[in-house]
Amino acid sequence: MHLLTLKDWASEQIKEVIDKSIEIKKNPDRYRTSLEGKSLAMIFQKTSTRTRTSFEVAMTQLGGHALYMDWRTTNLVLADVRDETRYLSRNVDCIMARLLKHADLKAMAEASRVPVINGCDEKYHPCQAISDLMTIKEKKGFLNGLKLVYIGVHNNVCNSLIEGCTRMGMNITTVTPMVNEPSFDKELVEGAKRTGLYKTTMDAREAVKDCDIVYTDTWVDMEFFLDPKFKEEKEKRIKLMMPYQVNKELLKESDALVMHDMPIHRGYEITGDVVESPNSIIYDQSENRLYSAKGILLKLLGKT
Ligand code: CP
């Protein structure tokens, strides 16, 4: 079993990991030796703070070991991803990879003897969505029937939220004036529409009026953020997206919780005062990446 996208998991499996993650957070000592002797290879082709930290600390706190592997310093840069994965999966018990292309993650999973976890690619960020749902359940006590509004660019995080929310019986409305083309997944969007729980609008003010959670994310994907070649596109996006900034004015009649998967760009997709406001659960959400990483690892390594 792998975790490449939530589309591959049954709703019951997603729920099980959310509940397990909450349980692990409450009782960490019960799991101190759960992955004793196990190793996780963590391969990064892109930058990361939370995904790297949470999985590495999770393995340590579960009694196992994690290896950080920068893609550029491995022979993945010059060899076939399948060959390298076939070798790697003979030495480790699990692989977590943050890659540029979902197709490479699929190739990895096909070649691997051990579970492969998607640590975020251009299409999906399933680990983030599991942590987000865990956080919402922790705060509200339930998920079914809640209403989340995502405001930003339709990207990988948005895809996984749509899948995760609709599977858990939550309503999700997206306010996405632009779609990150490589992230587009027609099958996922059409499937979500059929549930009757997903809709999209351009009216952010109306959407946030009666919602329980407002969620936003960066307007520019991490691999392009500091890329001079992306400067023009970045400026275009800022101009287009600025009217959709999550700020005090937008939320003035709302008591919704505020979420952001981080890293935050204050003054762009969200203002600093909203990040620091009492309704912001952003830092709890990011902290929960640790407990949800544990939940995911235990599920995939058969230790639930
Ligand atoms: N949200 C998230 O995945 O954070 P990092 O990019 O820092 O891992």
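The values are calculated or read from the model by the stated rules, or taken from the named source; none is laboratory data. Since the model is a prediction, treat every value here as computed from it, not as a measurement. Neighbour counts are summed over all protein chains in view; Cβ atoms, including those assigned to glycine, are modelled from backbone coordinates with ideal geometry.
Of the residues ARG194, ARG205, which is of a type in the set (D, E, K, R), modelled with pLDDT of 95 or more, more than 20 Å from GLY119 (Cβ to Cβ) and surrounded by 13 or more Cβ atoms within 10 Å (Cβ to Cβ)?
On inspection, the qualifying residue turns out to be ARG205.
Give the residue, chosen from LYS186, LYS209, that is of a type in the set (D, E, K, R) and either at positive phi or without any contact (Cβ under 8 Å) to a residue 40 or more places away in the chain (or both).
None of the other options fit; the residue is LYS186.
Restricting the search to segment 86-124, which residues are of a type in the set (D, E, K, R), within 16 Å of the ligand (Cβ to nearest atom) and either in contact with a Cys (Cβ under 7 Å, 6 or more places away or on another chain) or touching a residue at least 40 places away in the same chain (Cβ under 8 Å) (or both)?
If the condition is that a residue be of a type in the set (D, E, K, R), within 16 Å of the ligand (Cβ to nearest atom) and either in contact with a Cys (Cβ under 7 Å, 6 or more places away or on another chain) or touching a residue at least 40 places away in the same chain (Cβ under 8 Å) (or both), then ARG98, GLU122, LYS123 are the ones that fit.
I need the full set of residues from segment 46-61 which are within 7 Å of the ligand (Cβ to nearest atom) and of a type in the set (Ser, Thr, Tyr), in order please.
Listed by number, the residues that qualify are THR47, SER48, THR49, THR51.
Cβ-Cβ below 7 Å, separation at least six or inter-chain, first residue in segment 126-137 and of a type in the set (Lys, Arg), second at pLDDT 95 or above: which pairs?
Listed pairs, sorted by first residue: LYS137/ILE18; LYS137/ILE22; LYS137/LEU143.
Taking the residues in segment 71-85 that are outside any loop (DSSP other than H, G, I, E, B), more than 16 Å from the ligand (Cβ to nearest atom) and not β-branched (Val, Ile, Thr) as candidates, determine which candidate is nearest to LEU35 (Cα to Cα).
GLU84
Filter segment 19-45 down to the residues that are among the β-branched types (Val, Ile, Thr), more than 16 Å from the ligand (Cβ to nearest atom) and surrounded by 13 or more Cβ atoms within 10 Å (Cβ to Cβ), then identify the one that is farthest from CYS94 (Cα to Cα).
Out of the qualifying residues, it is ILE22.
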